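Below is the structure I would like to discuss, written out as structure tokens.
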Ligand code: BDP
């Protein structure tokens, strides 16, 4: 017996002391790994988290906070804190103004609002996590764990945080048959078939991960919605998920198909101004709210890519949105109405269409409507300028939509940390001002509500989450979920700091290794831009599935589905003229911005061909011609992609074998596909320009016809 327990002790000790790389990890734990600390760090956490003090009869939300603290401290130290009734040295005290004794109550709690928190040492050895609500306490608990997980000494943790946006929402493009549009992480996380009876443990872990970032909403189904989602059986399934997510501060929303009542044959029309239609939606909203009292509301894609909408009845987007808004308003719900619209019959530059459609409707939307605008005017490309609607609808709450799933950036097989992409949009200067303000607003300030008084603000991210063990289809794609959540909490945060925080919790805190991982992440998106769409090129990917290069495609039914529409390359040059001599999409930006982008010499090189059509011999700042510069960028992209691979290889000593190998395998694919993109694009652009390859540029590995003949009928994410 004795020797057995000795052996067990030895094994446990070994497990605790074993170097990181020896312990196999599969990524399921995300950034909430709580791996063992050693030495002084462990001792410090033990000293500061001996006991947990919470309000009597904790709510499910406070219970979740306590469970998480217990899990975290247990994982990091091997010993879970015990519950205590009274604060003494070594206690973490969770409390609201009502439950905290005056001596332990930090000042200015009111300013924390409904979701903010403060973490402060209020007596020797006593850490107080205070908030006005239980959700705030949960966020505070996660913040304490994050601080410890990123290496802050427990006695130094002193944090006060309030989210800058009200709605921080994931958009799942999940279908009812469990496929996921543009999903690269397996089937939908929602096992719709088994719901509402079977509630997977994974849903709770999903909720924990989101709560750790402050994500407080989830639209459960695809924006290309089916009418059935609003029928009784699916409302019951949605209600079951809402019950699981509620303690974590997460509200559920549904994507609604505009023609639902008509298609369910419960009305004769879907005209938003027809009284029977408005009445149907009111009844439907009442039914949903009976099952889900805190239902968030509807997300709607209307009159876009073939979806039905108010324009089918010659009504405006505002008519449609306001009708739905009236149905959910009595229950406190909102409507997130998407501005991603472009019409088949419209010959106008696609980049202009959303603005043309929506800007004139500024001020016409009901108070509980947010207009949800993609980050750029086309469609989640590796690089786009910010959408001109930001700042141009000063009377309408605008919700920013990012895509976390990498439809256009190499799926889950390429490493592309999207933090810099998100940050680039958020920090873009719109050239617009708030009333009476002196300085212009960034996109971040616009969505934070600088122009529109009232509390409706938000950010949406098209989720990259599925049933894959890694959740996101790859280890590094978890960072994109993380970065979205952190930027939705604070749109002015730094993507580099976020990368560091994530990597420290996900991989290692060894400073040199951490520096290298962060640097690799920060370089990765630009590498993708270089080998896919350098110098402002866009939308030159494969048809339908959007995998790989296909700049030659010119035969699709709608002009703006064809890559040739976007690059317009021929013997004379390349690029889309969006200045006054072309589509004049530029005029949709504020004068200062428009002026800067009107001249190729003052347009950032990164957006050159987005706004300008230029001859192949156009001189570039490097001294090269445009053609030579384009080739150099493609080459740089390939070099960078290969560099990611060698840089990651050098990190092997710091990462467990399994995750290291799983990342490495994907980086091999990425390097090969970067070469493919470069070769195929150069082969094609050479064929249309008729120019020889610039000196020193290696010819593509295969003739153009080879690339054109490649087919991918089973590429994921495309129904
Ligand atoms: C595009 C996707 C398509 C989506 C659409 C949208 O290719 O699958 O339905 O956006 O956002 O990027 O509605």
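Taken together, the values in this text are just the output of simple stated rules run on the coordinates, not laboratory data. Source: prediction; values computed, not measured. Cβ coordinates were reconstructed from backbone atoms using ideal geometry, including for glycine residues, and neighbour counts include every protein chain displayed.
Report, in whole Å, the centroid distance computed from the Cα atoms of region 682-719 and region 410-453.
Region 682-719 and region 410-453 have Cα centres separated by 35 Å.
Report for region 52-149 the percent antiparallel among DSSP-assigned beta bridges with both residues inside it, nearest 5.
Taking every DSSP beta bridge within region 52-149, about 35 percent pair in antiparallel fashion.
Can I ask one more? Once you have a ≥ b ≥ c as the square roots of the Cα gyration tensor eigenvalues for the chain, tell me rounded if a/c is under 1.5, and otherwise prolate or oblate according to whether a/b is larger than b/c.
The shape class here is oblate.
Kindly put 506, 646, 533 in sequence by how many other C-beta atoms sit within 10 Å of each C-beta, fewest to most.
646, 506, 533
How tilted is helix 657-689 with respect to the longest principal axis of the chain? Cα atoms for both, answer in degrees (0 to 90, nearest 10).
Its long axis makes an angle of about 10 degrees.
Calculated from DSSP H runs of 4 or more alone, at -39500 (n - 2.57) each and per residue, what is the 222 nm mean residue ellipticity of the chain, nearest 500?
-12000 deg cm²/dmol
Tell me whether region 110-158 comes out rounded, prolate or oblate; compute the Cα gyration tensor, take square roots of the eigenvalues as a ≥ b ≥ c, and use a/c under 1.5 as the rounded threshold.
Because a/c hits 1.5 or more and a/b fails to exceed b/c, region 110-158 counts as oblate.
Between region 23-73 and region 505-547, what is the C-alpha centre distance in whole Å?
Region 23-73 and region 505-547 have Cα centres spaced 32 Å from each other.
If you don't mind, another one. Out of all DSSP beta bridges in region 167-506, what portion is antiparallel? Express it as a percent rounded to 5.
Counting DSSP beta bridges with both partners in region 167-506, the antiparallel share is about 10 percent.
Calculate the length of the line joining the C-alpha centroid of region 120-168 to that of region 270-312, in whole Å.
39
Where both partners of a DSSP beta bridge lie in the chain, what percent of those bridges are antiparallel, to the nearest 5?
Around 25 percent antiparallel, to the nearest 5.
On to the next question. With a ≥ b ≥ c taken as the square roots of the eigenvalues of the C-alpha gyration tensor of region 24-161, please select rounded if a/c is under 1.5 and otherwise prolate if a/b is larger than b/c or oblate if it is not?
Verdict is prolate for region 24-161.
Express the relative contact order of the chain as a whole percentage, based on alpha carbon pairs under 8 Å and six or more residues apart in sequence.
Rounded, it is 12 percent for the chain.
Taking Cα atoms, how many degrees apart are the long axis of helix 134-149 and the longest axis of the chain, rounded to 10 and kept between 0 and 90?
90
While we're here: Suppose each label sits 7 Å from its Cα in the direction of the beta carbon; what would the residue 522-residue 706 distance come out to in nanometres?
Result for the modelled spin labels: 3.8 nm.
Let me ask you something else. List 119, 447 from most exposed to least, where exposure is judged by having the fewest other Cβ atoms within 10 Å.
Placing the least packed residue first, the sequence is 119, 447.
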